[in-house]
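The values are calculated or read from the model by the stated rules, or taken from the named source; none is laboratory data. Just so you know, these numbers come straight off a predicted model, no measurement behind them. Backbone-built Cβ (ideal geometry, glycine too); neighbour counts: all protein chains shown. The accessibility values were calculated without ligands, DNA or RNA, using every heavy atom of the protein model including side chains. Shrake-Rupley method; radii C 1.70, N 1.55, O 1.52, S 1.80 Å.
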Amino acid sequence: MSVNRLLRVGTVAVASLGVLALSACGSDPEPSGSSTPSGSDSASTGGAECPEGTLNAEGSSAQKNAIEEVIAKYNEKCADVTVNYNPTGSGAGIKQFNASQVDFAGSDSALKTEGADGGESEAAAAAKRCQGSPALNLPMVIGPVAIAYNVDGVSKLIVDGPTAAKIFQGVIKTWNAPEIAKLNPGVTLPSAPIAVFFRSDESGTTENFTKYLEAAGGGAWTGKPAKKWTGTGAGKEKSAGVAEGVKSTKNSITYVEWSYAVDNKLGIAQVDSGAGPVELTAESASKALAAAKPAGTGADLSLKLDFASKAAGVYPIILATYEIACSKGLPAEKTALVKSFLTYFASTEGQASLTELNYAPLPEELRTKVDAAIQGIS
């Protein structure tokens, strides 16, 4: 079955399964300032006022392919708005946002509410940047994280949480190690050393992947989940860097957002969480999204993902990329630009444009809540 067909299956699964976890999301409001004809469905068409000006954003490289597609579609409607997005990584995006260098940020993890070593938290710094108003965590792009590899003769690879943790911790050092061989009977595994690549920049993908290793690793992962990598390997910048590292290096492995693994034609490991190996598809990832729980209150739409799920058919390693935006505090002209673009991004039309790029659209209940939060920006 083709990836795109799986994505179409996954789109239905996301929309239906999302009801289970996100049923308290409310009704779908008409975006304020809609320029669509009277009686039309602005949520479907992405209708919003088209201001003029330039919008600058920075952050998550995992959403690079998604946001570039949305920008192109948005500009078909709003040609007088220039949207610049620099995929420098989640950590850099948040820092630039809090320093008032960009108008919104993309991050694969929500703003931290506690500071490191008793220092100022990301959320507190963001509130200062927003003139005393809280910044919003708006989940906008759902992307599975692939365990991607390049091993000659190995077209199918199965890992479980403890084995993945040991590989990325540097405890398992060769491809024919007993732990890997046991999970892959009949597969000829080389005795070659395992070359691990990790994100050298501060990355929300790293944070989500290490959350999985901690939750599912059975104690094999000794580090704490964080944007900065603490395991073994060689560092490469951004999603494109680790994907290219594996593509050009035999007997290598990394963690990377799914679309980059597909674009670079890398092997993608199946994950066995206890109920049998699960292939990464839009449908299996959407089942993990369905188990997500709201982690915030009010307009804080951060999600708590279940990385330790043992349910059958669930691919447990997913991430939500948040657009971090001020609820209030930007100049009026920037507020209009942010609302216009994010309204389109959260619309059913904007979300539908992501399915061909190996991303899953937001469940309708969550999409509606995100749209309502965007319309509350002032």
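Below are the figures for this structure:
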quantity: A261 vs. criteria open to solvent by less than 30 Å² (accessible area, probe 1.4 Å), modelled with pLDDT under 95 and not in a loop (DSSP other than H, G, I, E, B); calculated: no
quantity: Matching residues in the range 301-349 - criterion: being part of a helix (DSSP H, G or I) and open to solvent by less than 20 Å² (accessible area, probe 1.4 Å); calculated: T335, L337, V338, S340, F341, L342, T343, Y344, F345, A346
quantity: Pick from the range 62-114, criterion acidic (D, E) and over 18 Å from the mean Cα position of the chain (by Cα), ranking: least open to solvent (accessible area, probe 1.4 Å); calculated: D103
quantity: The listed residue being open to solvent by less than 20 Å² (accessible area, probe 1.4 Å), touching a strand residue (DSSP E or B) at 6+ places or on another chain (Cβ under 9 Å) and assigned to a strand (DSSP E or B), out of Y212, Y255; calculated: Y255
quantity: So V145, is it of a type outside the set (D, E) and modelled with pLDDT of 95 or more; calculated: yes
quantity: Sole residue being open to solvent by 50 Å² or more (accessible area, probe 1.4 Å), touching a residue at least 24 places away in the same chain (Cβ under 8 Å) and over 20 Å from the mean Cα position of the chain (by Cα), chosen from G245, G231, G218; calculated: G218
quantity: Close pairs from the range 276-303: first over 20 Å from A135 (Cα atoms), partner surrounded by fewer than 21 Cβ atoms within 10 Å (Cβ to Cβ) and of a type in the set (D, E), Cβ under 6 Å, at least 6 apart; calculated: A291/D306
